[in-house]
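Below is one structure, written out as C-alpha cells; the observations come after it.
The values are calculated or read from the model by the stated rules, or taken from the named source; none is laboratory data. Note that the structure is a prediction, hence the values are computed from the model and not measured. Quick reminder, even Gly has a Cβ in these numbers, built from the backbone with ideal geometry, and neighbours come from all protein chains shown. Side chains included, ligands, DNA and RNA excluded: accessible areas come from the protein's heavy atoms. Shrake-Rupley method; radii C 1.70, N 1.55, O 1.52, S 1.80 Å.
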Amino acid sequence: QEQGLACIPVAVNLSIKQLIDSSIIDKVIRALENTGLDPSWLELEITESVLMQDPELVTSPLDRLKELGIRISIDDFGTEYSSLHYLKQLPVDRIKIAMTFIHGIAINRKDEAIISAMIALADNLGIEIIAEGVETTAQVEYLKKANCTDIQGFYFYRPMPAGPVEQLLTEGFSVSGEPARADDDILAVT
C-alpha cells in the first residue's frame, strides 16, 4: 500500500488458543496500529473445528474483532461438523469451501450438489464465498456456472515470494497465460 500497489486483504489463520487468549484484541489492535493497516484489509480465518471446541467462548472475541472492522471467515467449511447455527449467530463475512469438495467437481455429483447448496446458502445469507484449492479448468467452469465469484488455488498461481507478487500487483494478473482485463468475466483471484 505504501508503494501505491493495489490493496489486497491479508488473511491470517487463528487457532483456538489464540482466539480465546484474553489479550488477542489488544494484540490485533497493536498490530494494526504498528503497520498502519486499515482493519477492513485484515481477514481472520477460523476453522470449523475451532468453532466446535467451544462455540460460546469464541463468540465474544469474534464479535469484538468484527467491531474493529476486521473481516471474519470460516476456513475449510463443510469438513467438520458444519452447523448452520454458527452462520446465523457469528459475525461471519465469508465462508471458504473446503478443497475436498472442489476436487470432486466433474467426478462426484454429490460434491457438486453440496458446492451449489453452499453457494446458494451463502448468497441468501449475504455471506461471501470462496472456493479453495481450484486447480483445473473444469473446476473453474463449474464454479462460474454455480455463481461462485472468488476462487483460490493453483489454477491461477502457486505460492510465490514477495517480489513476483509485487510484479503481479504492478503489471496485472493473467489467466492461463493471457493478461486479465478489468472487464473480463472471470473469477476473482485471491
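Condition check ((1) part of a helix (DSSP H, G or I); (2) touching a Phe, Trp or Tyr at 6+ places or on another chain (Cβ under 9 Å); (3) more than 17 Å from Ala11 (Cβ to Cβ)) across all residues:
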position	(1), (2), (3)
Asn34	yes, no, yes
Glu43	no, no, no
Leu57	yes, no, yes
Arg64	yes, no, yes
Gly69	no, no, no
Lys96	no, yes, no
Ile107	no, no, yes
Ala113	yes, no, yes
Q.
I'd like the full set of residues that are modelled with pLDDT of 85 or more and either in a helix (DSSP H, G or I) or crowded, with 20+ Cβ neighbours inside 10 Å (or both), limited to region 78-94.
A. Val92, Arg94
Q | Hits in region 118-135 (condition: under 18 Å from Tyr86 (Cα atoms) and in contact with a Lys or Arg (Cβ under 6 Å, 6 or more places away or on another chain)) | A | Glu128, Ile130
Q. Out of all the residues in region 2-46, which are within 23 Å of Gly163 (Cα to Cα), under 21 Å from the mean Cα position of the chain (by Cα) and among the acidic types (Asp, Glu)?
A. Asp38, Glu43
Q. Going through region 45-55 one residue at a time, which ones are crowded, with 19+ Cβ neighbours inside 10 Å and part of a helix (DSSP H, G or I)?
A. Glu48, Val50, Leu51
Q) Considering only residues of region 120-141 that are more than 11 Å from the chain's Cα centre (by Cα) and small (Gly, Ala, Ser), which is nearest to Phe101 (Cα to Cα)? A) Gly133
Q. How many of the residues making up region 6-35 are open to solvent by 40 Å² or more (accessible area, probe 1.4 Å) and touching a residue at least 24 places away in the same chain (Cβ under 8 Å)?
A. 11
Q. In region 147-190, how many residues are open to solvent by less than 90 Å² (accessible area, probe 1.4 Å), modelled with pLDDT under 80 and part of a strand (DSSP E or B)?
A. 4
Q: Write out, first by first residue and then by second, each pair whose Cβ atoms fall under 6 Å of each other, whose residues are 6+ apart or on separate chains, and whose first residue, in region 61-74, is closer than 24 Å to Glu132 by Cβ and touching a residue at least 24 places away in the same chain (Cβ under 8 Å) while the second is assigned to a loop (DSSP other than H, G, I, E, B) and not small (Gly, Ala, Ser).
A: Leu62/Leu90; Leu62/Pro91; Lys66/Pro91; Arg71/Asp93; Ile72/Pro91; Ile72/Val92; Ile72/Asp93; Ile74/Val92
**Q.** Single residue of Arg64, Arg109 found to be open to solvent by 30 Å² or more (accessible area, probe 1.4 Å) and closer than 14 Å to Leu19 by Cα
**A.** Arg64
Q. Which pairs have Cβ atoms under 7 Å, sit 6 or more apart or on different chains, and link a residue in region 153-174 that is aliphatic (A, V, I, L, M) to one that is part of a loop (DSSP other than H, G, I, E, B)?
A. Leu169/Leu5; Leu169/Ala6
